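Structure record follows, encoded as structure tokens.
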Amino acid sequence: MFSFCTDPAALDGLAWLSCYLTTGKHMAFYGAFGTVLLLLAITAPLALAFGFAGASAARGPAPVSWLGKGYIAIVRGVPDIAFFLFFVIALDQMFEWVRHEVKCPGWDQPIYQGNDFIVCPEAKLPLSTAPQWVHEGYGFFLAVLTFAIVFGAFAANVLYGAMRAVPRAQIETAEAYGLSQGQTFWRILVPQMWVYALPGLSNLWMVLIKATPLLFLLGVEDIVYWARELGGTKTPQFTDYPHGDWRMWYFLALLVFYLIFTRVSELVLDRIMARLTLGQATAAGERQRKAAAA
Amino acid sequence: MECWDTIADYALRSLGYGERLLPRSDFTLCQQVTLIGSGMIWNVYFGLVALLSGFFLATAVAVGKAARSAWIRKPSEWFIFIFRGSPLFIQFFFAYFAFLSLRSQFEVFDPFTSAWLGAAIVLFFNTAAYSGEIFYGALQSIPKGDMEAADAYGLSGLHRFRRITWPTMLRLAWPAYTNEAIFLFHATTLVFFSGFPARQQKGDALYYASYFADKTFNPFVPYPILALYFIAVTLMIIAAMGLINARLNRHLPQAQRRGIRLRPGALLAR
């Protein structure tokens with residue numbers, strides 16, 4: 001990258017390091033941090049939406065509430081990583097199967113043939129003729145959807161608890177004023193539930209941050225992939241920057257990245273919490289009021 | 001019965017006993033159930049080792065974080081922050097590669113690069129940090145009256161801690177600690193996906209489940225089997241912790257004893 005990097009073998013110390021850390025592959029490594037942040041930015045609202053739907057369903061009438069409660073219950077008993085591995089294949093097969101049914105109605109062979117999953121060529125996702133970026137984009141899309149489903153279940157759990165924490169009197173008052181069920185839900189319950197949901201949601205945000213390295217298991221070229229790739233022993237035949245096994249240091253860097261990210265999130269969430277509790281009829285809100293009055 | 005042969009061949013496969021080759025084609029349900037169950041041995045091993053050993057460090061860390069002297073408090077706070085603030089997945093990777101480079105210099109570190117010791121150590125520190133935070137929270141909410149009563153009886157120092165502070169702390173922390181135990185067992189599935197090699201295909205339950213899913217391209221059989229095993233383990237944990245909870249609260253009148261009510265809001269995955 002720098003002009004003095006033309007002959008790395010002649011460099012040493014800081015100059016060597018500055019050249020080493022700006023090679024093309026390292027740039028891809030830094031870009032992968034962007035992938036992680038992008039995943040978080042897309043997944044968090046999507047998971048919240050899934051969670052909201054799940055929590056609303058769990059409050060509904062009998063058959064719908066079973067669906068909602070079942071969705072919430074899956075996060076309790078089974079490791080989330082098992083869901084990640086499961087959903088990535090299952091979603092892919094589901095999409096391909098649906099396309100298969102739509103695009104090739106005349107296909108008469110079974111889909112599961114022995115140890116293979118075979119759909120007609122037009123239904124393949126992505127198409128074998130598609131460019132590279134479509135393949136990568138599809139992998140990322142599957143990862144986002146998987147994250148949203150799994151963390152949506154966590155979020156549904158939190159929101160369901162928050163909806164039940166809103167004081168009963170608020171709902172009764174709304175009913176006394178003649179608000180319909182929909183109005184009570186959207187105008188009274190939903191605006192008030194956030195303050196009860198926030199501790200759970202901030203916990204969930206932390207969990208979501210810490211789940212991002214699992215992208216690696218879903219086959220996305222993320223920071224874990226690059227750390228393993230770049231850190232491994234390099235011999236002079238293949239690179240201008242030979243070095244020993246540095247994977248430990250790369251993972252140390254990732255560890256520090258996550259610690260800083262968590263700490264910053266903590267500080268931001270504390271401020272949001274302080275903002276939201278302002279004037280609320282909770283213990284924390286009362287404490288704020290007293291502190292301001294004193 | 002064919003299935004009995006399969007069980008005889010593969011029930012201890014994850015430990016290296018029995019048939020050496022994994023099934024390669026024509027997978028039967030019996031094979032999948034047996035092998036994934038065999039892998040559960042490792043999950044239970046990691047979970048139990050980490051939980052039992054981590055418990056003691058957690059108590060120490062919690063007391064350390066509540067200490068007045070900054071020389072004890074700061075290290076405890078940092079310990080908890082580092083292990084709770086970073087992904088367990090990255091911790092496994094870092095520890096594995098750290099042990100690898102240590103091994104190249106000192107022979108002693110050879111066993112540390114195997115999962116049975118290396119991963120168990122990471123899980124031990126990890127659960128100690130999470131439980132330490134739980135215990136610390138419980139220490140902070142011990143009723144003032146309990147401590148005053150202890151003072152009035154002339155209890156002090158280690159005696160007071162052992163007879164009053166510690167049991168009360170455990171009582172308050174137990175529901176949250178049950179939660180932590182469940183998630184610790186779930187976290188054990190990460191071990192063989194994070195650097196630590198499954199030598200000779202001796203892996204845990206998820207390792208075998210993903211083996212079958214990769215071979216058959218059908219995720220709808222192995223993963224539900226895995227899920228059922230884990231639900232069973234979760235129920236056993238809840239039952240065992242419930243027994244301990246009853247023992248911790250044995251002095252209370254029957255009506256006041258509450259079972260562990262797992263609060264849905266307090267999820268703590270890593």
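Couple of notes before you dig in:
- In the elastic network of chain B, a GNM with C-alpha springs shorter than 10 Å, the most mobile of B:GLY242, B:GLY16, B:GLY145 is B:GLY145.
- Tilt relative to chain A, helix A:62-77 - C-alpha long axis, 0 to 90 degrees, to 10: 40
- Judged by the ratio a/c of the largest to the smallest principal axis of the C-alpha gyration tensor, the stretch A:117-264 counts as oblate, that ratio being 1.5 or greater while a/b is no larger than b/c.
- B:LEU228/A:SER3 FRET efficiency (R0 51 Å; Cβ-Cβ; nearest 0.05): 0.25
- Working note: Karplus 6.51/-1.76/1.60 with θ = phi - 60° gives the stretch B:195-212 the couplings x, 4, x, 8, 5, 6, 6, 8, x, 9, 4, 5, 4, 5, 4, 6, 4, 5 Hz, where Gly and Pro are set to x.
- Residue-by-residue Karplus 3J(HN,Hα) for the stretch A:181-195, coefficients 6.51, -1.76, 1.60, Hz, glycine and proline x: 4, x, 5, 4, 5, 7, 9, 10, 5, 4, x, 8, 6, 4, 5
- Nitroxide proxy distance, nm - points 7 Å out along Cα→Cβ at A:TRP133 and A:LEU37: 2.0
- Cleavage-rule hits, chymotrypsin sites (Phe, Trp or Tyr not before Pro), the stretch B:103-151, DSSP coil, Cβ neighbours within 10 Å at most 14: B:PHE106
- Entry note: the stretch A:3-293 has Rg to Rh equal to 1.08, where both radii use alpha-carbon atoms and Rh is the Kirkwood radius.
- Among the trypsin sites (Lys or Arg not before Pro) in the stretch B:44-78, those located in a DSSP loop and surrounded by at most 12 other Cβ atoms within 10 Å of their own Cβ are B:ARG68.
- Cα-based helix-to-principal-axis angle, B:29-65 vs chain B, degrees rounded to 10: 20
- Between helix A:80-103 and chain A: long-axis angle, C-alpha atoms, 0 to 90°, nearest 10: 90
- Net charge dipole size for the protein assembly as shown [Lys, Arg +1 and Asp, Glu -1 on Cβ; Debye, nearest 20]: 2540
- Straight-line reach from A:LYS290: taking Cα to Cα under 27 Å and skipping same-chain neighbours fewer than 8 places apart, the lysines in range are B:LYS144.
- Difference of contour (0.36 nm per residue) and Cα-Cα distance, A:LEU179 to A:TRP249: 19.1 nm
- Sparse-neighbourhood loop sites, chymotrypsin sites (Phe, Trp or Tyr not before Pro) in the stretch A:99-178 - DSSP loop, at most 16 other Cβ within 10 angstrom: A:TRP107, A:TYR177
- Two-site label geometry, B:ASP110 and A:GLU229: point separation in nm, points 7 Å out along Cα→Cβ: 3.5
- Residues in the stretch A:143-151 carry Karplus couplings, in order, of 4, 4, 5, 4, 4, 5, 5, 5, 7 Hz; the curve used is 6.51 cos²θ - 1.76 cosθ + 1.60 with θ = phi - 60°, and Gly or Pro positions show x.
- Full extension of the chain between A:ASP240 and A:ASP270 gives 6.1 nm of extra length, using 0.36 nm per residue less the Cα-Cα distance.
- With only Cα atoms counted, the stretch B:28-256 has Rg and Dmax values of 20.7, 69 Å.
- Within a Gaussian network of chain B (alpha carbon springs, distance under 10 Å), most fluctuating of B:ILE231, B:ILE36, B:ILE182: B:ILE231
- Prolate/oblate/rounded call for the protein assembly as shown, Cα gyration tensor, a/c under 1.5 rounded: rounded
- Distance in nm between pseudo-label sites at A:ALA15 and B:ILE82 (7 Å out along the Cβ direction from Cα): 3.6
We did not get these values from a lab; they are worked out from the coordinates using the rules stated. This is a predicted model, so every value here is computed, not measured. Every residue, glycine among them, receives a Cβ derived from its backbone with ideal geometry; neighbour counts consider all protein chains shown.
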